[in-house]
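The values are calculated or read from the model by the stated rules, or taken from the named source; none is laboratory data. Keep in mind that this is a model prediction, so the values were computed, not measured. Positions of Cβ are generated from backbone atoms using ideal geometry, with glycine treated the same way; all protein chains shown enter the neighbour counts.
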Amino acid sequence: MRKPDPFGAEGDQPDSGPRQPRELLDLLGVAAVLLDAEGRIVLWSPQAEELFGYTPPEALGQYAARLLVHEQDLDLMIRLFSEVMRTGQGWAGAFPVRHKDGSSRLVEFRNMRLLDDRGDFYALGIATDEAALRQVERDVALSTRLVSQSPIGLAVLDTDLRYVAVNPALAQINGVPAEDHLGRRVREALPFLEVDAIEAALRQVLTSGKPMIDQHSVGRTPADPDSDHAWSVSYYRLDGPRGRVLGVAIVLVDVTDRHRARQRLALIADGSARIGTTLDVEQTARELADVAVPEVADVAAVDILDSILNDRHRTGPSADRALFRALAVKAAYPTEAVRAADPPGQLASYGAERLATQCVRTGRPILIPHVGERDLARIARDAEAAAILARAGIHSYLLTPLIARGEVLGTLGLTRARSPLPFDNDDLLLAGELADRAAVCIDNARLYQGARNTAVTLQRSLLPDIPPQQAGLEIASRYRPAGTTIEVGGDWFDVLPLTEDKTALVVGDVMGSGISAATTMGRLRTATSTLADLDLPPTEVLHHLDKITADLEQYATCAYAIYDPHRALCHIAVAGHLPPVLMRTGEPPELLDLPTGAPLGVGGVAFEVTTLGLAPGDQLVLYTDGLVETRHHAIDERLDLLLQLLHSPDRTSEETCDRLLESLRDPDDHDDVAILIARARRWPRP
């Protein structure tokens, strides 16, 4: 004998002994009425009382026809009764019955003749409310149709967690026939799934009665063994009308499309964060390739039109040829397919028949789900590269243009070899989305580099060449533009020969950045050179520069010094500039304590001159604030560090310049810097 089910339900195998009742008859409320051969009621069930309204004392012994049938239906009822009793053939159907309250109800009957051991005949009538019966029939029909025709996978398991029902949709999803589920547990029918977790969840639902809704799972089934699918699975317990546990139901929905859409959105979001982290064209191209592999393709290549990189604006490639420069190649695994791609940095010329040329000429993507031999000849640069791609197993190809601001910049080429699925339209949309985002970043980087090169070229053209060695002075200088912005600053330096072997040393910084600051710097440098030719003292030079700067509606700082080698004296004045550093032989470096003065451009402010002696070997270090100012350190800390770095008596002036830039400047600093070091020598020369 089977062990009793702990929840009071039975399996499908019969047992000896009584079994628990099913609830369906209770739902129908089936009544039993027994009539003798004369048509009198001799048995009356409780359900009959509930159905017809008469108590047993009221019904027993009465003629059923007169008690239960309306006058107009009496003859019909008598004929049907007589026919059953005479022939022994049962009768079934719906018949209007008079309820005790006087109302009429349609009742479904099953009538049959019975014979007892004494040879007497009786008529047994089994009846139920016709409306209730029709409702159950509709529910059953609806449930059957829903289960069999639903696109949602449905299954019912008994309390032993064995399949008792599986609809066609679930059988198709699992790739296992429905009959191969029945009577088996999950681990027996579907061993390829994570059966331990599934059965644990089913037991929990069966025990607690609390459903598990929308549990997500990803995997593969025999229905599609080469592709991952995603499912939303819900488990809920089935309880009978009186609370008896019948089993547990599984509802499964294939949500692969939604899962893949979420993956695509996640990849696009990831690409937005990872692509364009720097204003560098090559780095941006590498970032695009890194995002595409391996999530989208096995191999990715990014190629840009050479005319775009060299700022030779055209509407597109010529009709018969396109010249590309490869920027990035990325593979998901070691493969010789990489050798078929153009190496980064290399130029490649593609004819009109090549897909890359067609892509940039039309600005439209190209999708080849299944690559053939003729396709490889149009993908690869030459026959050797096509053979490499064939050996590497390339079976699917996707090429999408990089378009920014209405201009085609190049292409993103994707191939698949190990990935079993071919590219499809969803992949095309995803690759296009990534390409569009990357193209804007590449174009920004290209424009940045072009603008920065222009600005730096302008800046350098306005600065002097390597300063000549002046009478009694050894000169060293450096200029470095800002590291991460196209906006070069207005820093400058100058070394100007004056009369009587004197030399003017100038370092200045126009506030602001960009072409405007560089242009103002050029004007001030020209004005400084002109004023120096007049042999004016430093305060007079700053006074005139102040007026010029105010007229330009700009501000600038400046340190202006005149060195007289015959007297070994230096006269210096500053306009809002950081103090120069004096390095005397055998003494620690010191910041000169000079009257700071107001910046140039304030207007009407007096400047003061300071005179100091420079012995042979002494050095004067002039610099702009870009050397010492940072966002994260106090200016006093940085000036102290400057003095520490200068405390090295054996270093040459050139070495000192390099040392200061190496130690104080960060490659990403947002300000340019100018340094000018003048070392006093013996004069006149021996």
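Checking each residue in segment 261-293 for being loosely packed, with under 15 Cβ neighbours inside 10 Å and assigned to a loop (DSSP other than H, G, I, E, B) picks out Thr277, Thr278. Just one of the listed residues (Leu265, Leu288, Leu279, Leu238) is in contact (Cβ under 8 Å) with a residue 24 or more places away in the chain and closer than 30 Å to Leu170 by Cβ, and it is Leu238.
Of the residues that make up segment 210-217, is at least one in the same structural domain as Leu154 (by TED's automatic domain parsing) and in a loop (DSSP other than H, G, I, E, B)? Within segment 210-217 (the criterion being in the same structural domain as Leu154 (by TED's automatic domain parsing) and in a loop (DSSP other than H, G, I, E, B)), the answer is yes, since at least one residue qualifies. With respect to being surrounded by 12 or more Cβ atoms within 10 Å (Cβ to Cβ), closer than 30 Å to Leu238 by Cα and not assigned by TED's automatic domain parsing to the domain that holds Thr221, Thr159 falls outside the description.
Checking Gly603, Gly626, Gly613 one by one, the residue that is under 57 Å from the mean Cα position of the chain (by Cα) and farther than 21 Å from Arg478 by Cβ is Gly603 and no other. From the list Arg416, Arg364, the lone residue that is surrounded by fewer than 21 Cβ atoms within 10 Å (Cβ to Cβ) and either in contact (Cβ under 8 Å) with a residue 60 or more places away in the chain or of a type in the set (Lys, Arg) (or both) is Arg364. Looking only at residues of segment 162-185 that are in contact with a Lys or Arg (Cβ under 9 Å, 6 or more places away or on another chain) and in a strand (DSSP E or B), we find that the one that is surrounded by the fewest Cβ atoms within 10 Å (Cβ to Cβ) is Leu182.
Of all the residues in segment 225-234, those that are surrounded by 17 or more Cβ atoms within 10 Å (Cβ to Cβ) and not hydrophobic (A, V, I, L, M, F, W, C) number 2. For Leu645, the requirement of being modelled with pLDDT of 95 or more and in the same structural domain as Ile562 (by TED's automatic domain parsing) is not met.
If you go through segment 492-521 and keep only what is at pLDDT 85 or above, farther than 30 Å from Arg682 by Cα and not in a strand (DSSP E or B), you end up with Thr520, Met521. The helices (runs of 4 or more DSSP H) found wholly in segment 325-381 and carrying at least 2 residues that are among the acidic types (Asp, Glu) and over 13 Å from Gly413 (Cα atoms) occupy 373-379. Taken over segment 235-251, the criterion of being buried (at least 17 other Cβ atoms within 10 Å of the Cβ) and modelled with pLDDT of 90 or more is satisfied by Tyr235, Arg237, Gly247, Val248, Ala249, Ile250, Val251.
Leu106 - would you say it is touching a Pro at 6+ places or on another chain (Cβ under 9 Å) and either hydrophobic (A, V, I, L, M, F, W, C) or over 26 Å from Ser232 (Cα atoms) (or both)? Yes; evaluated as a whole, the condition is true for this residue. When segment 380-401 is filtered for residues that are aliphatic (A, V, I, L, M) and either over 20 Å from Arg321 (Cβ atoms) or at pLDDT 95 or above (or both), the ones remaining, listed by number, are Ala387, Ile388, Leu389, Ala390, Ala392, Ile394, Leu398, Leu399. Determine whether Ala297 is assigned to a loop (DSSP other than H, G, I, E, B) and buried (at least 22 other Cβ atoms within 10 Å of the Cβ). Considered against the rule, which asks whether it is assigned to a loop (DSSP other than H, G, I, E, B) and buried (at least 22 other Cβ atoms within 10 Å of the Cβ), Ala297 comes out as yes. Can Leu531 be described as farther than 22 Å from Gly626 by Cα, modelled with pLDDT under 95, in the same structural domain as Glu500 (by TED's automatic domain parsing) and surrounded by fewer than 19 Cβ atoms within 10 Å (Cβ to Cβ)? For Leu531, the condition - farther than 22 Å from Gly626 by Cα, modelled with pLDDT under 95, in the same structural domain as Glu500 (by TED's automatic domain parsing) and surrounded by fewer than 19 Cβ atoms within 10 Å (Cβ to Cβ) - is not met. Would you call Ala556 over 51 Å from the mean Cα position of the chain (by Cα) and touching a residue at least 12 places away in the same chain (Cβ under 8 Å)? Answer is no for this residue.
Among (1) more than 29 Å from Thr277 (Cα to Cα); (2) at pLDDT below 90; (3) under 44 Å from the mean Cα position of the chain (by Cα), there is one condition His632 misses while meeting the rest; what is its number? Against the list (1) more than 29 Å from Thr277 (Cα to Cα); (2) at pLDDT below 90; (3) under 44 Å from the mean Cα position of the chain (by Cα), His632 comes up short only on (1).
In segment 111-127, of all residues being exposed (fewer than 15 other Cβ atoms within 10 Å of the Cβ) and in contact (Cβ under 8 Å) with a residue 12 or more places away in the chain, the one that is nearest to the chain's Cα centre (by Cα) corresponds to Leu114.
Figure legend. Inter-residue proximity from segment 507-523: first residues touching a residue at least 60 places away in the same chain (Cβ under 8 Å) and among the charged types (D, E, K, R), second residues surrounded by fewer than 24 Cβ atoms within 10 Å (Cβ to Cβ) and assigned to a helix (DSSP H, G or I), beta-carbon distance below 7 Å, spacing 6+ or different chains. Indicated pairs: Asp509/Asp625.
Somewhere in segment 585-601, is a residue closer than 19 Å to Arg679 by Cβ, in contact with a Leu (Cβ under 6 Å, 6 or more places away or on another chain) and assigned to a loop (DSSP other than H, G, I, E, B)? Yes: one or more hits. Quick test for you: out of Leu67, Leu25, Leu43, Leu34, pick the one residue that is under 29 Å from Asp120 (Cβ atoms) and either modelled with pLDDT under 90 or touching a Cys at 6+ places or on another chain (Cβ under 8 Å) (or both). Being under 29 Å from Asp120 (Cβ atoms) and either modelled with pLDDT under 90 or touching a Cys at 6+ places or on another chain (Cβ under 8 Å) (or both) holds for just one of Leu67, Leu25, Leu43, Leu34, which is Leu25.
In this structure, is Ala380 farther than 21 Å from Val291 by Cα and under 33 Å from the mean Cα position of the chain (by Cα)? Taking the combined requirement at face value, the residue satisfies it.
When segment 621-644 is filtered for residues that are within 17 Å of Glu662 (Cβ to Cβ), buried (at least 17 other Cβ atoms within 10 Å of the Cβ) and aliphatic (A, V, I, L, M), the ones remaining, listed by number, are Val621, Leu627, Val628, Leu642. Does Val440 qualify as being part of a helix (DSSP H, G or I) and either in contact with a Ser or Thr (Cβ under 9 Å, 6 or more places away or on another chain) or among the aliphatic types (A, V, I, L, M) (or both)? In short, yes.
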